Each structure stands twice: as C-alpha cells, then as structure tokens.
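Structure record follows, encoded as structure tokens.
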Amino acid sequence: MSQPVKLPRWIDIGVIPALNILAALLVSALVILAVGEDPVKALEVMLYGAFGYDEAIGYTLYYTTNFIFTGLAVAIAFHAGLFNIGGEGQAYIGGLGVGLLILALDGWLPWYGLLPLAILAAALFGGAWAAVPGWLQAYRGSHIVITTIMFNFIASALMVHLMVNVLIKPGQMSPESREFAESAWLPQGHEIFAALGIDISRSPLNFSFLIALVAALLVTLFIWRTRWGYAIRTVGRNETAAIYAGIDPKKTVFWTMALSGALAGMVGINEIMGVQHKLLLNFTAGYGFTGIAVSLMGRNHPVGIVLASLLFGALYQGGAELDFEFEQITRDMVVVIQGLIILFSGALAYMFNPMVARLVGRLAAAKG
C-alpha cells in the first residue's frame with residue numbers, strides 16, 4: 001500500500017471514508033445488476049433491514065458493539081506501529097475467561113456483582129493471549145502479524161478441546177457448557193427500555209453496548225491525554241525518537257499488545273454474558289477480522305471507529321434481509337458486498353487521497 005497523501009484531518013476522517021464507501025456501493029450495484037436484481041431496491045431493503053424497525057436497530061447495535069471492541073483493539077496496536085491480526089483469538093480467549101468466571105460464580109452473585117469481575121476476566125484472558133506475541137515481537141524479533149495469526153489457530157484448537165472434553169455439559173452431544181443462571185445475564189435492551197417506560201421488541205442488544213461506548217471514550221482519553229498514550233504514539237511514529245525521549249520501545253510494544261488483547265476480549269462480555277449465556281464454539285464469528293477494516297475506516301480514532309462499527313453492524317443486519325427478500329441475492333452475495341466494503345476501506349483506503357489532494361490544492365491556489 002502506498003503512503004497516504006497528507007490531507008486536512010476533517011477530509012481524512014470524513015470525506016475519504018465516504019468516498020471509499022461510495023465506491024464500494026457502486027461496485028456492489030454492478031454486481032447486483034449482473035445477477036439481475038435492482039440495486040436501488042436492494043439498498044432500500046438493506047437500509048430498512050438495518051434501521052427500519054426497533055428489532056432491526058437492536059440487531060444492528062448488537063453487531064456494532066462487537067465491532068467497537070475489536071476496532072479499538074486494532075487501533076491501539078496501530079498507534080504503536082503494530083498490526084494486530086489476532087483479535088479473533090483474543091476475543092475467543094477473553095470469552096473463555098468470562099465463561100469460566102460466570103460458571104464458577106453465577107450461583108453466588110447477580111449480574112451487577114459479576115460484571116466488574118467478568119470485565120476483569122475478559123481483559124486478563126484476552127490481554128494475556130495478546131501479550132505473548134507482543135513479547136515475541138519486542139524481545140525476540142518475531143513478526144507480530146505471523147504470531148497473532150498463529151495464535152488465532154491455537155485459540156480455536158484450545159477452545160475445541162475444552163468444549164468437547166472438559167467444559168461440555170454432561171449428557172449432551174453439543175459442545176456447549178451448561179446455561180448460566182438467569183440472574184447472571186446482562187440486562188437486555190428491551191428490558192432496559194421497559195424500565196424507562198418504552199416498549200421495544202426483543203433483540204440481542206444488551207448492556208454491553210454502553211460498555212463499548214465507555215471503552216471508546218476511555219481509549220480516546222488514554223491515547224491523547226496520558227503519558228502512556230503519548231509513549232505509544234511516539235513508538236509508533238519514530239522508535240529512535242522514542243528512545244531519545246527515554247521511552248522503552250520493548251516495554252511499550254509488550255504492554256500495548258496486552259491492552260489491545262484486553263479490548264478484544266471484551267467481545268466475550270457481549271457474546272457470552274449478554275447473548276449466548278453459555279460457553280460455546282465459534283461465538284466470535286469473524287468479529288476480530290472485521291475489526292481491522294473498522295479501525296482502518298475509522299482512521300484509528302475511537303469516534304471514527306464507533307461510526308464505522310455502526311456501518312458494519314448495518315451491513316451485517318441489513319445484508320441478512322437481502323438474502324430473504326431477493327431470490328438472486330444469496331448469503332454468499334451479501335458476503336461479497338461486505339468484502340467490497342472491507343476492500344475499499346482497507347487495502348484501497350488511500351486510493352482517493354491523491355485525487356482529493358490535487359483538488360484541495362487547486363481550490364487553495366484559486367483562492368490564493
């Protein structure tokens with residue numbers, strides 16, 4: 001990927017991502033036309049499926065929650081110059097920590113007593129899983145991309161072993177743990193709104209959406225308002241300057257990866273404590289990989305990540321509606337559309353920068 005052209009901040013985080021989305025939608029429209037369907041009608045169905053009624057909004061925000069966590073995880077590593085592709089495995093292991101904690105304590109504590117402990121367990125398990133590749137990168141020179149990919153596979157194999165041989169509920173074939181006590185479940189979105197006197201339909205949306213928004217705020221303050229955040233950004237931009245400033249790049253890389261994994265592990269709060277209410281296989285469903293595109297589209301800033309997460313949440317939920325409404329638009333076709341969004345937001349994220357830079361330069365010259 002070529003180096004991005006320097007642009008005003010508002011163009012880089014606003015105009016360029018909008019152009020990337022527009023380009024992806026135009027190519028998607030050509031694909032839909034090629035299979036004999038109306039792209040305008042498809043867009044209408046997708047938007048209605050994502051935002052047209054309260055249940056759809058609940059599902060969209062449920063997906064958004066996971067993408068916020070994984071997008072923040074990728075972003076904080078990016079600020080240190082690290083490409084963390086291990087969010088999937090870190091989310092998996094974070095969920096394992098949440099599940100083990102609740103299986104041990106759900107008979108003793110209600111959800112509000114378990115939640116702080118579950119957050120700590122998710123952070124410790126996810127952070128520890130990411131810290132090993134961080135240590136290997138910092139002290140042994142192993143490439144972070146390779147090690148985090150490997151750890152995704154190791155996490156998957158570990159979970160299969162545990163669910164099939166250790167944590168499976170006795171007397172059943174499905175590799176799942178027993179269901180948590182209902183008192184350990186996070187409040188659902190419809191329950192929260194009902195307490196406020198608002199009646200909405202049931203959906204997977206739960207209290208963890210608020211936790212994700214708080215996490216985005218805390219990451220913002222951490223990266224741009226603390227000396228640790230300054231150290232991370234300095235190491236990411238110029239390691240030599242960081243050393244000159246008295247910052248230890250090795251320690252910074254190690255702890256940044258641990259923090260990145262801790263954020264990815266928060267997916268376990270939403271999925272295990274908020275939705276599934278049991279430990280099971282494959283609950284991460286690719287959220288860790290999509291978080292890479294979310295972070296790139298959001299320009300590694302929490303505000304942009306929240307907005308990009310909402311977009312991908314809408315794609316996941318609205319895309320499911322396309323599969324139901326159109327004969328020729330199958331689930332595989334929806335995956336193609338999502339892939340195009342990821343392609344233009346990730347690999348081709350800076351494609352429009354030279355064109356926009358030239359346009360900005362001409363406008364500035366005309367005013368001058």
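The values are calculated or read from the model by the stated rules, or taken from the named source; none is laboratory data. Note that the structure is predicted; figures quoted are calculated from it, not measured. In this analysis, Cβ positions are derived from the backbone assuming ideal geometry, glycine residues included, and neighbour counts consider all displayed protein chains. Surface accessibility is based on the protein's heavy atoms, side chains included, excluding ligands, DNA and RNA. Shrake-Rupley method; radii C 1.70, N 1.55, O 1.52, S 1.80 Å.
A quick yes/no check of all residues on (1) in contact with a Lys or Arg (Cβ under 9 Å, 6 or more places away or on another chain); (2) in contact (Cβ under 8 Å) with a residue 12 or more places away in the chain; (3) not in a loop (DSSP other than H, G, I, E, B):
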| position | (1), (2), (3) |
| --- | --- |
| 129 | no, yes, yes |
| 138 | yes, yes, yes |
| 142 | no, no, no |
| 148 | no, yes, yes |
| 151 | no, yes, yes |
| 163 | no, yes, yes |
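For the stretch 32-53, what are the residues that are within 19 Å of residue 345 (Cβ to Cβ), open to solvent by 40 Å² or more (accessible area, probe 1.4 Å) and touching a residue at least 60 places away in the same chain (Cβ under 8 Å)? 47 - this is the single residue of the stretch 32-53 that is within 19 Å of residue 345 (Cβ to Cβ), open to solvent by 40 Å² or more (accessible area, probe 1.4 Å) and touching a residue at least 60 places away in the same chain (Cβ under 8 Å).
Could you look through the stretch 184-205, keep only residues that are closer than 17 Å to residue 51 by Cα and touching a residue at least 24 places away in the same chain (Cβ under 8 Å), and pick out the one that is surrounded by the fewest Cβ atoms within 10 Å (Cβ to Cβ)? First the steps, then the outcome.
Quick first cut of the stretch 184-205, residues closer than 17 Å to residue 51 by Cα only: 189-190, 199-205.
Then drop every residue that is not touching a residue at least 24 places away in the same chain (Cβ under 8 Å), which leaves 189-190, 200-205.
Numbers: 189: 24, 190: 19, 200: 18, 201: 14, 202: 12, 203: 20, 204: 19, 205: 27.
Of everything passing the filter in the stretch 184-205, 202 is surrounded by the fewest Cβ atoms within 10 Å (Cβ to Cβ).
Looking only at residues that are within 19 Å of residue 294 (Cβ to Cβ) and of a type in the set (Gly, Ala, Ser) in the stretch 252-265, which one is most open to solvent (accessible area, probe 1.4 Å)?
So the first thing to find is which residues in the stretch 252-265 are within 19 Å of residue 294 (Cβ to Cβ), and the list is 256-257, 259-265.
Of the ones still in play, those that are also of a type in the set (Gly, Ala, Ser) are 260-262, 264-265.
Values: 260: 0, 261: 0, 262: 17, 264: 0, 265: 0 Å².
Looking at the filtered set, the residue picked out is 262.
Could you check how many residues of the stretch 336-353 are surrounded by fewer than 13 Cβ atoms within 10 Å (Cβ to Cβ) and at pLDDT 75 or above? I'd like the intermediate steps shown before the answer.
Within the stretch 336-353, the first condition is being surrounded by fewer than 13 Cβ atoms within 10 Å (Cβ to Cβ), and the residues that meet it are 347.
With the extra rule that they be at pLDDT 75 or above, the set shrinks to none.
Final tally of qualifying residues: 0.
Report whether or not residue 31 is at pLDDT below 90, outside any helix (DSSP H, G or I), of a type in the set (A, V, I, L, M, F, W, C) and over 30 Å from residue 258 (Cβ atoms). Explain how you work it out, then say what you get.
Values: at pLDDT below 90: yes; outside any helix (DSSP H, G or I): no; of a type in the set (A, V, I, L, M, F, W, C): yes; over 30 Å from residue 258 (Cβ atoms): yes.
No; evaluated as a whole, the condition is false for this residue.
Among the residues making up the stretch 316-335, those that are open to solvent by less than 10 Å² (accessible area, probe 1.4 Å) and closer than 30 Å to residue 210 by Cβ are 318, 319, 322, 334.
Out of all the residues in the stretch 190-217, which are in contact with an Asp or Glu (Cβ under 9 Å, 6 or more places away or on another chain), over 15 Å from residue 69 (Cα atoms) and not in a loop (DSSP other than H, G, I, E, B)? Of everything in the stretch 190-217, those that are in contact with an Asp or Glu (Cβ under 9 Å, 6 or more places away or on another chain), over 15 Å from residue 69 (Cα atoms) and not in a loop (DSSP other than H, G, I, E, B) turn out to be 190, 193.
For the stretch 294-317, check the following and say yes or no: at least one residue is touching a helix residue (DSSP H, G or I) at 6+ places or on another chain (Cβ under 6 Å) and modelled with pLDDT under 80. No, the conditions are met nowhere in the stretch 294-317. So which residues in the stretch 106-116 are more than 18 Å from residue 210 (Cβ to Cβ) and either free of Cβ contacts under 8 Å to residues at least 60 places away in the same chain or buried (at least 24 other Cβ atoms within 10 Å of the Cβ) (or both), if there are any at all? Result: 108, single match. In the stretch 229-249, the qualifying residues are those that are in a helix (DSSP H, G or I) and surrounded by fewer than 14 Cβ atoms within 10 Å (Cβ to Cβ), and the one that is farthest from the chain's Cα centre (by Cα) is 244.
If only residues of the stretch 266-283 that are touching a Ser or Thr at 6+ places or on another chain (Cβ under 9 Å) and either open to solvent by 20 Å² or more (accessible area, probe 1.4 Å) or without any contact (Cβ under 8 Å) to a residue 40 or more places away in the chain (or both) are counted, the one that is nearest to residue 213 (Cα to Cα) is 275.
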